[in-house]
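One structure is given below, encoded as structure tokens.
Throughout, read-outs are computed from the coordinates displayed, never taken from laboratory work. Quick caveat: nothing in here was measured; it's all calculated off a predicted structure. FYI the Cβ positions are ideal-geometry reconstructions off the backbone, even for glycines, and counts take in every protein chain you see.
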Amino acid sequence: MVTENLKTVESNIVRACERSGRNRADVTLIAVSKTKPVEQMEEAMAAGMRTFGENKVQEIIKKQPYFPDDVDWHMIGHLQRNKVRQIAGKVAMIHSVDSLRLAEQIQKEYEAIGKVAKILIEVNIAREETKFGLMPEETEAVIREAAKMGNIEVRGLMTIAPYVEDPQENRVHFCNLRKLLVDINSKNIDNVNMTELSMGMTGDYEIAIEEGATFVRVGTGIFGSRQYAK
Ligand SMILES: *Cc1c(COP(=O)(O)O)cnc(C)c1O
């Protein structure tokens, strides 16, 4: 199932790139493996996948020993400050930096291990009350502060778009996230040249690619629906 699903997702990505005149190489597919067993992830590995996304620190720590070093782990879920130490140096990118205090904690923990954290700033671009992420108008100020931190590299922006029936409804949000990135880049802030846009999930990744996504985070579309224990 995973192998077949990956083929479908891959061809959808290729076609979305073609429609929008983009290079396939400029879009990274993150296989979101949260709640899924190592066996299913190994099936994805056999099909060539090396980039996994998880939303819990514990799950990353638990799964990592089963995988070779060339696998990239992306932290995509809400990150509590007291858990930063556990993943410091162990993930390729943290997509979900949603406060200055969290950025400060990441700076502290990465400084302690002598490494640089690649981060994305999470933006609540659709202004949903239930979502994490900075409001669009708060984003620049946080980036200005994070840019001064020696062990943090701000690589771009991330958003979780609303749950919608028709994915076209999210096009405006993806477009707005890209505009926000272009706008902040244009201010020529020292150390800020953002190139990454992490946006689009199973329901809407093709639209996100058409609007400039460089990372798409696909879970259900690869591994099937998730069963959460009660
Ligand atoms: C679970 C999750 C995804 C994947 O969602 P699907 O709809 O299953 O593709 C993407 N991004 C984040 C932040 C998630 O938590």
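Sum up the charges of everything whose Cβ sits under 15 Å from the Cβ of C17, counting Lys and Arg as +1 and Asp and Glu as -1, but leave C17 out.
-2
Would you mind putting 14-26, 209-221 in packing order, based on average other-beta-carbon counts within 10 Å, highest first?
209-221, 14-26
So what's the gap between the Cα centers of the stretch 82-103 and the stretch 137-196, to the nearest angstrom?
For the stretch 82-103 versus the stretch 137-196, the Cα centre distance is 17 Å.
What list of ³J(HN,Hα) values in whole Hz, one per residue of the stretch 52-58 in order, does the Karplus curve 6.51 cos²θ - 1.76 cosθ + 1.60 (θ = phi - 60°) give from phi, with Gly and Pro shown as x?
Each residue of the stretch 52-58 in turn: 10, x, 9, 10, 10, 4, 4 Hz.
Indicate the gyration tensor shape class of the stretch 17-57 (rounded, prolate or oblate), computed on the Cα atoms with a ≥ b ≥ c the square roots of the eigenvalues: a/c under 1.5 is rounded; otherwise a/b larger than b/c is prolate and the rest oblate.
Note, shape of the stretch 17-57 comes out prolate.
If you average 1/r over every pair of different alpha-carbon atoms in the stretch 118-225 and take one over that average, what Kirkwood value in Å do you get?
Final number for the Kirkwood radius of the stretch 118-225 is 14.2 Å.
Ranked highest first by the average count of other Cβ atoms within 10 Å around their residues, in what order do 79-90, 157-168 fall? Working shown, then result.
Working: 79-90: 16.2, 157-168: 17.8.
Those peptides, ordered most packed to least, come out 157-168, 79-90.
What is the projected area of the convex hull of the Cα atoms of the stretch 82-180, averaged over all directions, in nm²? Display every interim value, and only then the final one.
Numbers: hull surface 26.8 nm².
Mean shadow area of the hull around the Cα atoms is 6.7 nm².
Based on the alpha-carbon gyration tensor of the stretch 176-230 and its eigenvalue square roots a ≥ b ≥ c, which shape applies: rounded if a/c is under 1.5, prolate if not and a/b is larger than b/c, or oblate?
Prolate is the answer for the stretch 176-230, as a/c is 1.5 or above and a/b outweighs b/c.
Amide H of F215 versus every other amide H placed in the peptide plane: which residues, excluding those fewer than 5 positions away on the same chain, fall under 5 Å?
Result for F215 returns T28, L197, S198, M199.
What pairs in K7/K56; K62/K90; K7/K36 have C-alpha atoms more than 24 Å from each other?
Check vs 24 Å cut-off fails for K7/K56.
Tell me the trypsin sites (Lys or Arg not before Pro) within the stretch 105-209 that lie in a loop according to DSSP and have at most 16 other beta-carbon atoms within 10 Å.
Here the sparse-neighbourhood loop sites are K115, R127, K148, K187.
What are the ³J(HN,Hα) couplings of the stretch 83-89, residue after residue, when phi is run through the Karplus curve with 6.51, -1.76, 1.60 and θ = phi - 60°? Round to Hz, x for glycine and proline.
Karplus values, whole Hz, x for Gly and Pro: 10, 4, 4, 5, 10, 4, x.
Along each principal axis of its Cα atoms, how long is the stretch 6-96 end to end? Whole angstroms, biggest number first, please.
43, 27, 21
Taking the Cβ of E104 as the centre, find all other residues whose Cβ is under 12 Å away and add up their charges (Lys, Arg: +1; Asp, Glu: -1).
With Lys, Arg at +1 and Asp, Glu at -1, the net is +1.
Over the stretch 56-132, one equal point on each Cα, no solvent: what is log10 I(q)/I(0) by the Debye formula at q = 0.11, 0.14, 0.27 Å⁻¹?
Per q value, in the given order, log10 I(q)/I(0) is -0.29, -0.46, -1.38.
Determine the distance separating the Cα centre of the stretch 110-129 from the Cα centre of the stretch 22-78; give it in Å without decimals.
18
In square nanometres, what is one fourth of the surface area of the convex hull spanned by the alpha carbons of the chain?
Orientation-averaged projected area of the Cα hull: 12.6 nm².
If one computes P(r) from the Cα atoms of the stretch 154-203, what percent of pairs lie at distances over 17 Å?
38
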